[in-house]
1. Tell me, please, whether a residue that is closer than 18 Å to ASP60 by Cβ and either outside any loop (DSSP other than H, G, I, E, B) or open to solvent by less than 20 Å² (accessible area, probe 1.4 Å) (or both) can be found in region 472-481.
2. Would you please name the residue that is farthest from MET476 (Cα to Cα), looking only at residues in region 46-60 that are modelled with pLDDT of 80 or more and open to solvent by 30 Å² or more (accessible area, probe 1.4 Å)?
3. Does ILE450 count as in contact with a His (Cβ under 8 Å, 6 or more places away or on another chain) and in a helix (DSSP H, G or I)?
4. Answer yes or no as to whether PHE463 is open to solvent by 80 Å² or more (accessible area, probe 1.4 Å), under 19 Å from PHE328 (Cβ atoms) and modelled with pLDDT under 85.
5. Could you please let me know if TRP15 is open to solvent by less than 10 Å² (accessible area, probe 1.4 Å), among the aromatic types (Phe, Trp, Tyr), under 22 Å from VAL435 (Cα atoms) and over 18 Å from the mean Cα position of the chain (by Cα)?
6. Looking at region 61-80 only, could you name the residues that are farther than 25 Å from MET342 by Cβ, among the small types (Gly, Ala, Ser) and surrounded by fewer than 24 Cβ atoms within 10 Å (Cβ to Cβ)?
7. So which helices (runs of 4 or more DSSP H) stay within region 66-138 end to end and still have 2 or more residues that are under 22 Å from PRO172 (Cβ atoms) and modelled with pLDDT of 90 or more?
8. Tell me the residue from TYR417, TYR451 that is open to solvent by 10 Å² or more (accessible area, probe 1.4 Å) and within 14 Å of the chain's Cα centre (by Cα), please.
Amino acid sequence: MGSLNLPPSMTVLKWLGFVSAVWVQAISGNNYTFSNYSDALKSLMNLTQLQLNNLSVAKDVGKAFGLLAGMASDRFPTWVILLIGSVEGLVGYGAQWLVVSRRISPLPYWQMCIFLCMGGNSTTWMNTAVLVTCIRNFRKNRGPVSGILKGYVGLSTAIFTDLCFALFSSDPSSFLLMLSLVPFAVCLFAMFFLREIPTQTTITAADTQQESNYFSVFNVLAVVVAVYLLCFDFIKNSGRLISQLYSMGLLILLGSPLIIPIYSFFKSWNSIRSRLDLEEPLVKEEAVTGAVKEETGEIAMIEQRAPVIGEEHTIFEAVRTIDFWVLFVSFLCGVGTGLAVMNNMGQIGLALGYADVSMFVSLTSIWGFFGRILSGTLSEHFLKKAGTPRPLWNAASQILMTVGYVLMAMAMPGSLYIGSVIVGICYGVRLSITVPTASELFGLKYYGLIYNILILNLPIGSFLFSGLLAGFLYDMEATPTEGGGNTCIGGHCYRIVFLVMALACVIGFVLDIWLAFRTKELYSKLKAANKRSTKKVNNNNNS
């Protein structure tokens, strides 16, 4: 892909790339939508709950192959990574659509596992392309970048679910057709705009000052989208015309982030000459390593020693540290249990007497968005103001998630509503906080591969908590049905599952507290570095 003929400001391209990244993330959470069509697969293929859960595990195992995306992100341009993910998703979800729509006979079980694995793996390529590129482009605002992008991933489940209900009355085959075609089209568009911008050409005093304002606008627009999606749960039975108007409004809101690059274009057009003449770069290109040295501007000393936390780590250096494995296991406790709830939401809802579980899927998605976007912004604020270690936010989410699982285990009236909200928020916090934390602890040079090793927790957690724990315990409580399937009705169906997952979250809480203590000095240095950077910006503005 050649360079684009864009306006004479790399800043415009950077923000246009971020908007396209937002759109990619808004459609790349299709891996969390399994509950919307799992019941159709179960009845069509006459599966037991264990067999169905193993299909969901196959979907999540696709993320284990995200290591390929991580290695490729250090060797190939962003557009190649996006292309691979979009084509793989087209094939993986397209095959599932052919089966559910009955255009072909049900495929053998092992073949369905392969296609679900492909669909799950497609999102790792999309997420890697987006996160690695954008965090490198906005190094001074990793928290907001992670929160916004991961927030839209959380919203994507609700976006797909609500659009399918509004346009196709939640038909499973139409839903799968959307999952195969829409991400493919959006990624093809993003290939032309999302790319890494050289740091020395974009980070100036004016850009640094503007970035926080621009991210505030992105946050507001994202919250409006989330509230809009939430409102649809109360009007979704208002008729076809209202649903179609709602769909048009949603598409307009999703397009609204374009106001940032448009504004940036006019601003650059009017002030490009004065900026070139009067401003000096805030961050000059230096031989620096690691998150701390990048922020403080310290010149690296070439030494033959193992890097410390905050410096650039190779993947082999990272996995030899205690901090990496503490982060890894605590991440497993949070996302593994949360993913088990999402994968089993269809059967959990039916067990508790709800015929339609789409609202719970939507609630988990929307409140997951609030967890992602708020934790990204708040963690960045308190890091810069007070040096608060990001792992403390993970610890808080683990305790809250424990409460949510206990409530769902009690199976009281309304507990699934409350539990869905709590699990959504905490799962979102966990994903949003871990992304910048990993970059701050181990650097950005090999970030794509390090991120995808952490994401191995999704298939591992899905296998442990969804495939084994939930699958076996559900089948123990269930009664057989005609055709070879089974079903379970009542609060006892998942009670032990929720209690075991609550215990796992307590373990995760202890690990996060330990990691926060171990990284306290690092975050104190990042706080001090930010104060020096802010003072320099103010001095440049006053001169």
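The values are calculated or read from the model by the stated rules, or taken from the named source; none is laboratory data. All values derive from a computational prediction rather than experimental measurement. Every residue, glycine as well, gets a Cβ built from its backbone with ideal geometry; the counts of neighbours run over all protein chains shown. What goes into the accessible areas is simple: the full protein's heavy atoms, side chains included, and nothing from ligands, DNA or RNA. Shrake-Rupley method; radii C 1.70, N 1.55, O 1.52, S 1.80 Å.
1. Let us first name the residues in region 472-481 that are closer than 18 Å to ASP60 by Cβ, namely 472, 474.
The next check asks that each one be either outside any loop (DSSP other than H, G, I, E, B) or open to solvent by less than 20 Å² (accessible area, probe 1.4 Å) (or both); those that pass are 472, 474.
Scanning region 472-481, I find at least one residue that is closer than 18 Å to ASP60 by Cβ and either outside any loop (DSSP other than H, G, I, E, B) or open to solvent by less than 20 Å² (accessible area, probe 1.4 Å) (or both), so the answer is yes.
2. ASN46
3. Yes; evaluated as a whole, the condition is true for this residue.
4. When the stated conditions are applied, PHE463 passes them.
5. yes
6. Once the filter is applied, which keeps residues that are farther than 25 Å from MET342 by Cβ, among the small types (Gly, Ala, Ser) and surrounded by fewer than 24 Cβ atoms within 10 Å (Cβ to Cβ), region 61-80 yields only ALA72.
7. Where helices (runs of 4 or more DSSP H) fall fully within region 66-138 and carry at least 2 residues being under 22 Å from PRO172 (Cβ atoms) and modelled with pLDDT of 90 or more, they are 78-100, 109-137.
8. Exactly one residue qualifies, and that residue is TYR451.
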